[in-house]
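The structure appears right after this line, and notes come after that.
The values are calculated or read from the model by the stated rules, or taken from the named source; none is laboratory data. In this text, all values refer to a predicted model and were calculated from it rather than measured experimentally. Reconstructed Cβ throughout: ideal geometry from the backbone, glycine too, with neighbour counts over all protein chains shown.
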């Protein structure tokens with residue numbers, strides 16, 4: 001695998017600064033750790049693995065994607081990586097800059113608000129369906145995902161990437177419990193855009209993640225256990241609103257005026 005050069009920039013989040021690594025060595029390594037889809041072609045596999053980095057929040061707004069590094073990490077030629085990147089550009093999950101670099105887009109506030117509104121409608125519906133149609137295996141996955149999210153969120157020094165990853169696993173365990181592969185596919189399309197932005201919500205004091213995220217997930221889980229579709233929908237919508245409110249209050253968007261860096265964020269990233 002070719003040596004990866006890491007360039008550090010900063011995204012300002014309130015009084016903290018979130019370090020952003022340009023196609024980090026960690027993200028590169030995690031590409032090969034994403035579980036493969038046994039039935040997928042090479043082209044589809046590369047696309048799915050790159051998509052997973054976006055959906056899970058392991059890439060942040062502004063991160064640049066090196067096609068050469070991705071090809072090296074996956075031990076494939078540059079062609080399927082280029083094709084996967086082109087698909088993600090068409091999905092508006094990646095963009096090509098004037099200098100021809102490929103990066104994760106930085107949203108405007110209006111774009112983020114619109115995405116949040118759509119997520120609440122579609123993901124809220126999925127939560128309600130999960131409450132009505134889940135299986136015993138679905139409940140086991142949900143409980144396990146929530147236990148992991150609680151552990152990561154309430155650690156003395158929460159690791160941002162682990163918190164984001166555990167949050168994503170809970171959400172998709174919930175959506176899968178709705179019993180609709182098409183619905184999950186639609187939501188994955190939304191998370192291609194939402195996943196990187198969710199990165200911004202962890203640049204807050206750790207108690208906010210614990211109080212807001214864990215308690216709201218508990219409400220959703222309890223509603224699913226009791227087959228209460230409306231309560232599951234409302235709990236999920238409240239969870240999305242809670243994260244969106246933090247991001248809008250403390251995040252930096254494309255159309256915001258420049259803000260001077262004031263130091264690094266807490267915890268590891």
- Query: Any residue at all in region 200-220 that is within 15 Å of the chain's Cα centre (by Cα), buried (at least 22 other Cβ atoms within 10 Å of the Cβ) and either at pLDDT 90 or above or not in a helix (DSSP H, G or I) (or both)?
  - Reply: yes
- Item | Selected residue (only one of 181, 158, 196 is assigned by TED's automatic domain parsing to the domain that holds residue 232 and surrounded by fewer than 18 Cβ atoms within 10 Å (Cβ to Cβ)) | 181
- Among the residues of region 156-183, how many are modelled with pLDDT of 95 or more and outside any helix (DSSP H, G or I)? 4
- Query: Which condition does residue 114 not pass, out of (1) more than 19 Å from the chain's Cα centre (by Cα); (2) part of a helix (DSSP H, G or I), if it passes all the others?
  - Reply: (1)
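What number of residues within region 227-236 satisfy the criterion of being surrounded by fewer than 20 Cβ atoms within 10 Å (Cβ to Cβ) and either assigned to a helix (DSSP H, G or I) or out of contact with any helix residue (DSSP H, G or I) (no Cβ under 8 Å at 6 or more places or on another chain) (or both)? Reasoning before the result, please.
Keep residues of region 227-236 that are surrounded by fewer than 20 Cβ atoms within 10 Å (Cβ to Cβ), which gives 227-231, 234.
With either assigned to a helix (DSSP H, G or I) or out of contact with any helix residue (DSSP H, G or I) (no Cβ under 8 Å at 6 or more places or on another chain) (or both) added as a condition, the list becomes 229-231, 234.
Residues meeting the conditions: 4.
From the list 93, 84, 73, which one is surrounded by 21 or more Cβ atoms within 10 Å (Cβ to Cβ) and under 23 Å from residue 244 (Cα atoms)?
On the way: 84 fails: under 23 Å from residue 244 (Cα atoms); 73 fails: under 23 Å from residue 244 (Cα atoms).
The conditions single out 93.
Name every residue in region 127-140 that is part of a helix (DSSP H, G or I) and over 20 Å from residue 215 (Cβ atoms), in order of residue number.
First, the residues of region 127-140 that are part of a helix (DSSP H, G or I): 127-133, 136-140.
129, 132, 133, 136, 137, 138, 140 - these are the residues of region 127-140 that are part of a helix (DSSP H, G or I) and over 20 Å from residue 215 (Cβ atoms).
In the set 148, 176, which member is touching a helix residue (DSSP H, G or I) at 6+ places or on another chain (Cβ under 9 Å) and within 18 Å of residue 51 (Cα to Cα)? Before the answer, list the steps.
Details: 148 fails: within 18 Å of residue 51 (Cα to Cα).
The conditions single out 176.
Would it be correct to say that residue 53 is under 25 Å from residue 172 (Cα atoms) and assigned to a loop (DSSP other than H, G, I, E, B)?
no
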